[in-house]
1. Please provide three numbers in whole Å: the alpha-carbon extents of region 96-211 along the principal axes, with the largest listed first.
2. With Cβ to Cβ distances under 11 Å as the rule, what net charge do the other residues near residue 111 carry (K, R +1; D, E -1)?
3. I'd like the Karplus ³J(HN,Hα) series for region 12-17: coefficients 6.51, -1.76, 1.60, θ = phi - 60°, whole numbers in Hz, and an x wherever there's a Gly or Pro.
4. Rg to Rh ratio, region 171-275, alpha-carbon atoms and Kirkwood radius?
5. Taking 0.36 nm per residue of separation and subtracting the Cα-Cα distance, what length does fully extending residue 265 through residue 154 add?
6. Kindly provide log₁₀ I(q)/I(0) values, in the same order as q = 0.13, 0.21 Å⁻¹, from the Debye equation applied to equal alpha-carbon scatterers of region 1-94.
7. Give me the compactness ratio for the chain, meaning the Cα radius of gyration over 2.2 N^0.38 Å.
8. Can you find, among 30, 40, 146, the residue sitting farthest towards the positive end of the charge dipole of region 6-273, where Lys and Arg contribute +1 and Asp and Glu -1 at Cβ?
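Derivation of every value follows stated rules applied to the coordinates shown; laboratory data play no part. Being a predicted model, the structure only gives us computed values, none of them experimental. Cβ sites come from the backbone with ideal geometry, for glycine too, and all protein chains shown count toward neighbours.
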Amino acid sequence: MTGQDPYALAGEAAESIRAATEVDTHDVALVLGSGWAAAADRIGDVRADIELSSLPGFPPPSVAGHRNLLRSVEAGGRNLLVFGGRAHLYEGHEPDTVVHGVRTAAAAGCSTVILTNAAGGLNPEWPVGQLVMIEDQINITGRSPMAGPPPPDDQPGRFSDMTDAYSPALRALAHRVDDGLADGVYVGLLGGNYETPAEIRMIATMGGDLVGMSTVLEAIAARHLGLDVLGISLVTNLAAGLSPAPLAHGEVLEAAKEAETRVVDLIRGVLAGMPSS
Ligand code: 8IG
């Protein structure tokens, strides 16, 4: 995307979505992280499926557990845009590419985005399969979608306010839907590898409860454009040094399979309880 205005590219992608779905305005975007992809099949009535990488600016997802799918779903009277996969910094993508789904969702009309992921847990009380609502985040990727050329004049300026990055109203709603949800601070790292035990001790000291390789840049881009954000992590492993076993991606997908029904109920419940816009 070098050289191209990422907001214009998101506008083009949103136009392609309108043409392919015949849905003029989508309301809520749902980004499905590792292991959450199956939820796309059980959220509501499928209106249209688009190959994600056929849309302007979207690389094909390369990570196991992600689908090359953008789906328009009707659920609880709302038009939902479901991203079956996402791009990560560790794949070599730039921040603009990582947040392209969120900017496209905004251009398609969405005022809310639900960001999901699989994460390592720092709280030893959390079993694998624990669902954790993200109450706040720490971005230590060293990157930001707000760095680089300033946003064009028809967009809000950079220096987005990140107070209440994760909507207090949506968090309260999610707690009413699922009283087994924990709360935690999500620490976003560049990734490509898992942490050392020393790094996990550092992250615990700085107030982190979850570690992962996604979500934080998307939340920044969403807040920049005024979207309300709900973030939910599925703990699929104990963080390094807390875990008796070495970390592997396979256990992510297994834990996700077991949590599937609760994940679907949570998302459906949140959609049903959201005030109509
Ligand atoms: I799943 O332990 C998953 N994603 N950084 N550390 C980081 N990302 C993760 C982890 C983890 N588990």
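1. 47, 35, 22
2. Taking every Cβ under 11 Å from that of residue 111, the sum is -1.
3. Once rounded to whole Hz, the list reads 5, 5, 5, 4, 4, 5.
4. 0.98
5. 36.1 nm
6. -0.43, -1.09
7. Taking N as the residue count of the chain, the ratio is 0.93.
8. Checked the options; the winner is 40.
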